[in-house]
Every structure is written in C-alpha cells, then in structure tokens.
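The values are calculated or read from the model by the stated rules, or taken from the named source; none is laboratory data. In this text the structure is predicted, and so the values were computed from the model without any measurement. Reconstructed Cβ throughout: ideal geometry from the backbone, glycine too, with neighbour counts over all protein chains shown. In case anyone asks, the SASA skips ligands and DNA or RNA and just uses the protein heavy atoms, side chains included. Shrake-Rupley method; radii C 1.70, N 1.55, O 1.52, S 1.80 Å.
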Amino acid sequence: MRLAEYPDDIAFATAIGILPRPCGPPCEEHIPPRLMTEARFFRRLGLSKTLISTMLVRASQHGTTLESELLASGAVSEEIYYEALAEILHLPFLTRIDPTQLEDLPGVDTQLVEPTVVRLRHPTRAPTTAIVPSAERLGYLTERLAHAPALRTMMAATTPSALRAALWQAGCNRRVRDTVDQLFATMPEASARITLWGRQGFYTGIVLALLLSLATAAPKLALILLHIVTTLLFFATFLVRLVALVAKKREAGRALARPPARPRPVYSVFVALYREAAVVPQLIETLNKIEWPAACLDIKLICEADDQETLDALAAIPLGRQYEVVAVPPGRPRTKPKALSYALGAARGEYLVIYDAEDRIDPLQLEEAWRTFESGPREIVCLQAPLVITNVRESWLSALFALEYAGLFRVLLPRLAAARLPMPLGGTSNHFRTRVLQQVGGWDPYNVTEDADLGLRLYRLGYRCGTITRPTYEEAPSGRDAWLGQRTRWFKGWLQTWLVLMRRPSRLVQEMGLWPSFVFQVLIGGLILSSLAHPLIIAYIGVITWSLFFKSAYTVGPFELTMFTIDMVNIFGSYAVFVALGRGGMTPGEQASVGWRWALTPVYWLFLSFAAWRAVKELCNDPFFWNKTTHRPAQTVTEAEAG
C-alpha cells in the first residue's frame, strides 16, 4: 500500500481498518489529526494495519498518543523503537548513559517526569546533548538537523528509561539530602526532626516539676487530678466513637460517581519496599490487575539501594513499561516516608496513590478514586480506601485487628470525612492530588506514622480528606512479637504527630478551628493517654470493686462513686463500642470469622497499652527507628478477590 493513495484521514483510516469503506459519502470520524499523522508514520515503519488500528482506538479512548500505547502494550520494544528513530535522524544511539557524565544541573529532576534532553560532559571532547526523540517531534527534528547538519556531531538519541536511570544515579546524593532536609527547612514546625522544641521542652519540664511536687506534697490530690483528666479524655474518645456508630446506622449507600467527560489522566502508583522479596511476585500480579490504561500508569517500586534481595526479586520478573524501580541511597533516617518523598518529585501522574508491598488491591479502586476526585470539590485532596483484613481466623490477634480495622476504615473515617473533621490517614491506599501533595512538602521523613501526620497537616493548610469504598486487602500480623513491634511504631508516630501539632496550640486552634482541634485532641491525644492510663483505670475499678464486696466497713463517698460509675461506663462502654463499630463495618461472613473472639477485647486493649508504654520509651531512646513488619504472601483469599 502506498500512502499517497489515501489523501485524507477518512480514506487512510478506512485503509488500515478503523473505518469500513463507505458506500456513499464518507461519514466524519472524530480522530485527532495528530493520531492520523502518527498512524502514517508507523505504517512507514512497517507495523501492521491491525496493530495500528488497535492502538489508534486505545489512543483515542485514553487521550494518549499512538506511540505511548504501542510502547505500553509491549508490541514494540522500547530500545528497538528509539534506535529506529535514531537511524531516521542519523544520530548515534545510546543504550546506556554513564551517570558520571551527566551534568546534575538545577532543575534537571524535571527530566524524571518527562525525559527529553540532558547534557553529557566528556573528558576529551565537546559535550553531547542526549535527546529522547518522539514520533510527534520527528518532523521538527528532521528539519532542524537538515538545516544544521553540524548538530549531529553534538547530539545523540537515547531511551526514556536510560535517561531516567542515569538521572537517578547522577543526582542521588543531592536528592537524598534534599529529601531529608526539605520539610524541616521550609516548614520546621511541621517536622518531627526535633522531638521537643525549646519552648515545648521548657513547658514540659515545668509541668513535670509541678506534678512531681504535687505528688510529693499531696499524693492523693495528684492522683485525683490525674484520674479526672484521664477519665474525661477516655469518655470523650468513647463519645466520638459512639456518635460515629449511631451515624453509621443512619447512613445510606452511595452510588459511584459518573465518569468525567475527559480521558483518564496519568495515575502514579508508589510502593515502598524494604526486605520484601517474598511478596514481590504477589505484588506485581496485583498491580498488573489494576483496571487503568497501562499507557496512563506510572508505577514506582521504591527500594533501598542496599536491599539487594528485593532488587534481585524485581529484576527476575518481566515488568511493563509503566514500571520503574527507584533505588534510594541508604542513610538515616531509614523510613518509609523518606523513601516515598525521595521519589515524589518524579511522579508523572495527576493523581498518586500509596500502597504497601503486601497489599492486594481492588482492580477498580483507581477508577473510583478518579471519579470521586473529579466530581467532588477541589479542596478534597486525599481519599482513603478501606483496608480489609483477610486472615481473621488465623489467631485471636488477627481477629481483633480485623475488628479494629473494620470500625476504623468502614465506619469512623467515613463519618469524620462526611463531617469535614480532621482525619488521620491509614498507612496505605491514600489517593492524592499530586501537585498539592508536593506543595505541602510530602511526607515527613522523621515521622514513623507519616500517614496520620500528613492527613492532619493537610487539614491545617485548609484541605480536606474523603473516603472511597473499593478496598485494599491485607493480612494482619498474627504473632505477638510482630503485632507488638508494628503497634509500638504506630504509637510512637502518633506521639510524634501530637507533639508536632502542639508546637503552638493557639495557632493550631486558629488554623483548624475550635471544634476540629478538639476532635484532633480526642483522636490522637486521647488515644495515646487513654491507652497509657488503661491499666491504671482497670486497677482503680478493681480496687473499688474489691473494697465494696470484701470490706464490710468500707463506704464509698459521692466523689468515689461518681468516678467509679464513669470509669465503668468508660471501660465497658468503650469495649462495647469497639466491638459494635467493628461488627458494624463487617460483612456477615467476616463477623462469623471473628466468632467469639471479640470477647478478648479487654486483653487486646491491655496489649495496646503495653505497646503505648514501649513507644514512649522508644521515642526517648530511638525516635526515628522504623520497626519493620515482616510480610509474607497472602494465605487467605476473599470471595471478592476470587471472583
């Protein structure tokens, strides 16, 4: 077939199979001219009409280019394709770029987002400009080189992958320094790098000195005051969860938002991996099932550069062009938020989602998040997907963990979002508007519960978070040591977050508002203090109960009786609300899997208290230590996943 036979787009589309040959006057087909230009070019390269036809349909639907669809499909090798473009332009082709020759100039990291051109230095000859040609720019480049043939001696062509790989290595040390220092340098009050600021340390010292003095001079009064404060916070925490439970009973189901008129944008998917070789095959299988155009996916698998086992596991699996492995230079703090922030500047997506290595994702989760973002107000910059625990039957700890997660992600957080209140995020399945995430400083590398910190920082800056319904499936730690290590890290991060937000309490109230700042105190401060005080309140109830039943001459005054009654409501009411919230968020099958083990809630809460006390100790001794949870391939599969 000669292209000259088809002078217009309709005839060309008919020839390659997009349109049937018209019997009468041709009907107008809304195919962008740029796609038809690309289609002609690929026919010249010898690609089949069927392949071009398929890719043309995809590009029209997705709002992408024929070139990106061909490369994303795997039908054309990236290296072979760009080498062919280099031959057309009569330029030398670089399969690899030496990172030591790449000039790490200011602003060069923008090439990680859209790789087009970099400058290479040579010790013995003039610098070279390495470019990434494209079908769209091929005509312009050909014309430019024809008018100035000498440019060919100063230019070379390469692939996007080769250019990005060289950029990551060339700027790694500078980039990791920026990652660690950026939030502290630009928003020092938002960083957990310093546990206690000078003013906080001063007032903390005064309060502790006063408490110690009071405890020494009037120990009974000190105990009474401590009891009153902890009881009120415990009661406030109980009421917040009770209100969420009542609101859940009245809540109606919500329909999925309509798809926007515009094509799907690029969506970045970030997964931080550290010592995760065992779950790499499951992770890639899960990510490959996401129902989103491959040409519009930007999946970054972020690993520690010295974690060779995980890097080898990734190298052993064929990865599509949408994947990119990012190696983070080792160094302190070695935390998940540091790894995520290291790659944040290279995110290509309009939206960005975080997953953990062990996650199994509902394939339509990105679709729901995109529709929700597009149909909602611009101030909604983050959406939290529910996390569902699947190994409920494995142990009593995993059963209570599943109950806790069901209440948090399927009842409490949706109610907080609906009421436009501060929302501490979960550590995975957070969907963001990428540009806003970058503008607010990303994740704090020094906060080991970076999700809660970021959700509250967004609220302070005037943004809001929402929720979606498509879940992410996980398995909870089933053993005591793994559970305790993970929960200690969470409590330590919540302590860091509370201290960060309490740098200037008056400013916090001014930025959040009085009621939202109170809810924050209950959700974070109340959770921490009530967990720490839980054994003391249990002990108090036990002492009073024993005295009433076994001391014949013992009498209870009005104050003791009031406190005893409130404590009983606090403890047993909190247990009941915890169980009711969890069961209210669960399906009947999940409730059956938990079975009678909800009765172990008091033991579970004592474990939480032990983890909270460990976190206080660890915050003093090693505040940035990341207690790594060991993951394994999923042992259980839900009906939704199997279906």
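Which shape class, rounded, prolate or oblate, goes with region 504-614 when its Cα gyration tensor gives a ≥ b ≥ c as root eigenvalues, a/c under 1.5 marks rounded, and past that a/b bigger than b/c marks prolate? Can you show the working numbers first?
Numbers: a/c = 2.17, a/b = 1.16, b/c = 1.88.
Because a/c hits 1.5 or more and a/b fails to exceed b/c, region 504-614 counts as oblate.
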- request: Compute log10 of I(q)/I(0) for region 416-565 with the Debye formula, placing one identical point scatterer on every Cα and leaving out solvent, at q = 0.10, 0.13, 0.17 Å⁻¹, to two decimals.
  value: -0.51, -0.75, -1.04
message: Just to confirm my numbers, what's the Cα centroid distance between region 135-202 and region 307-364 in Å?
response: 17
- prompt: What does the helix-only formula give at 222 nm for the chain: each DSSP H stretch with n ≥ 4 adding -39500 (n - 2.57), the total divided by the residues, and the result rounded to the nearest 500 deg cm²/dmol?
  reply: -16500 deg cm²/dmol
- line: Over all viewing directions the Cα convex hull of region 464-520 casts an average projected area in nm² of 5.8
- prompt: At what distance in nm do the modelled label points of Thr216 and Glu136 sit from each other, each positioned 7 Å from its Cα along Cα→Cβ?
  reply: 7.3
message: How much length would be gained if the chain were fully extended between Ser73 and Val229, taking 0.36 nm per residue of separation minus their Cα-Cα distance, in nm to one decimal?
response: 50.0 nm
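Can you quote the Å³ per residue value for the convex hull of the Cα atoms in region 57-159, rounded to an integer?
Here the figure is 118 Å³ per residue.
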query: Percent relative contact order of region 27-84, based on C-alpha pairs within less than 8 angstrom and at least six residues apart?
result: 28
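Rounded to two decimals, what is the ratio between the C-alpha radius of gyration of the chain and 2.2 N^0.38 Å?
Numbers: Rg = 29.3 Å, N = 643, 2.2 N^0.38 = 25.7 Å.
Compactness ratio reported: 1.14.
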- request: Any chance you could run the full-extension gain for Asp98 through Gln439? It's 0.36 nm times the residue separation minus the Cα-Cα distance, nm to one decimal.
  value: 119.6 nm
task: Just read off the accessible area of Val117 with the full protein assembly in place, 1.4 Å probe, to the nearest 10 Å².
output: 60
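With all protein chains present and a 1.4 Å probe, how do Thr129, Thr37 order by accessible area, largest first? Provide the component values of the computation, followed by the final result.
Working: Thr129 30, Thr37 90 Å².
Sorted descending by solvent-accessible area, the residues read Thr37, Thr129.
Antiparallel as a % of all DSSP beta bridges within the chain, to the nearest 5? Please report the intermediate quantities before stating the final value.
Working: 14 of 45 bridges.
Just about 30 percent of them are antiparallel.
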statement: With the 1.4 Å probe rolled over protein heavy atoms, the chain has an accessible area per residue in Å² of 46
message: Beyond a 22 Å Cα-Cα separation, which of these cross-linked pairs lie in this structure: Lys338/Lys628; Lys338/Lys492; Lys300/Lys336; Lys49/Lys289?
response: Lys49/Lys289
query: Distance from the Cα centre of region 386-445 to that of region 272-290, in angstrom?
result: 20
message: As a test of reading the structure, rank Arg460, Arg321 by solvent-accessible area (1.4 Å probe, protein chains only), most first.
response: Arg321, Arg460
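At a 1.4 Å probe radius, carbon and sulfur cover how many percent of the accessible area of the chain? Walk me through the numbers on the way to the answer.
Numbers: 17920 of 29530 Å².
Reported share for carbon and sulfur atoms: 61 percent.
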task: May I ask you to work out the translational diffusion coefficient for region 129-225 at 10 °C, viscosity 1.306 mPa s, via Stokes-Einstein with Rh from the Kirkwood sum over Cα pairs, reported in whole µm²/s?
output: 80
- prompt: What percentage of all Cα-Cα pairs in region 197-237 are separated by more than 13 Å?
  reply: 61
